[in-house]
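Trainee: Have a look at the structure that comes next, please.
The values are calculated or read from the model by the stated rules, or taken from the named source; none is laboratory data. For clarity, every value in this text was computed on a predicted model and none was experimentally measured. Cβ: placed from backbone, ideal geometry, glycine included. Neighbour counts: every protein chain shown. These accessible areas exclude ligands, DNA and RNA; they are computed on the full protein's heavy atoms, side chains included. Shrake-Rupley method; radii C 1.70, N 1.55, O 1.52, S 1.80 Å.
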Amino acid sequence: MINTKDTIIDYFKSGIKSTKDFKIGIEHEKFLFNNQNNKRIDYLKIKEMFSALSEFGWNPILEKGNIIGLNKGGKNITLEPGNQIELSGEKLNNIHEACSESHDYLFELKQVTKKLNINIVSAGF
């Protein structure tokens, strides 16, 4: 039972990681649009895009037989509400690894979206 300020502080302190265990994680949100009419793409186009990304070693994540994402190593691309996609990157050691991961992902995504006439609008941090 928490009944003092010190008990609460001790609880939160118990979850603090050692600096040697700190990692960096990247997330990218991508909003996808049809290149010809600038309307949001539909699920059928998402499936086509996910299938094309398999060329780069991405593996499907299925729910009730429907593809809802991809994974490769410690990374996941998930389908979000509104047919946007999100990359959840690996746990990385430094900004150089994060930059490399972002570069590789964007290269793969641009290859596929260009082929499928999809425009990307990015939001992330």
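Trainee: I need the full set of residues from region 42-99 which are assigned to a strand (DSSP E or B) and either within 28 Å of T19 (Cβ to Cβ) or acidic (D, E) (or both), in order please. It would help to see each step written out before you state the result.
Mentor: Let us first name the residues in region 42-99 that are assigned to a strand (DSSP E or B), namely 59-63, 66-72, 75-80, 84-88, 92.
Matches in region 42-99: E63, K75, N76, E80, E86, L87, S88, L92.
Trainee: Sticking with this structure for a sec: Considering only residues that are assigned to a helix (DSSP H, G or I) and within 14 Å of the chain's Cα centre (by Cα), look in region 108-125 and name the one that is surrounded by the most Cβ atoms within 10 Å (Cβ to Cβ).
Mentor: Filtering region 108-125 down to residues assigned to a helix (DSSP H, G or I) leaves 108-115.
Narrowing the set further to residues that are within 14 Å of the chain's Cα centre (by Cα) leaves 108-109.
Working: E108: 18, L109: 23.
Within region 108-125, the match that is surrounded by the most Cβ atoms within 10 Å (Cβ to Cβ) is L109.
Trainee: Taking into account only those residues within region 1-21 that are outside any helix (DSSP H, G or I), open to solvent by 80 Å² or more (accessible area, probe 1.4 Å) and not hydroxyl-bearing (S, T, Y), which is nearest to N76 (Cα to Cα)?
Mentor: Step one: filter region 1-21 for residues outside any helix (DSSP H, G or I), giving 1-4, 14-18.
Now restrict to residues that are open to solvent by 80 Å² or more (accessible area, probe 1.4 Å): 1-3, 14, 16-17.
With the extra rule that they be not hydroxyl-bearing (S, T, Y), the set shrinks to 1-3, 16-17.
On the way: M1: 38, I2: 37, N3: 41, I16: 26, K17: 24 Å.
Here the answer is K17.
Trainee: Within region 42-56, how many residues are over 19 Å from S102 (Cα atoms) and surrounded by 14 or more Cβ atoms within 10 Å (Cβ to Cβ)?
Mentor: Keep residues of region 42-56 that are over 19 Å from S102 (Cα atoms), which gives 42-48, 51.
When the remaining residues are screened for being surrounded by 14 or more Cβ atoms within 10 Å (Cβ to Cβ), the result is 45-48, 51.
So the count comes out to 5.
Trainee: Does any residue of region 22-41 turn out to be part of a strand (DSSP E or B), of a type in the set (D, E) and open to solvent by less than 50 Å² (accessible area, probe 1.4 Å)?
Mentor: yes
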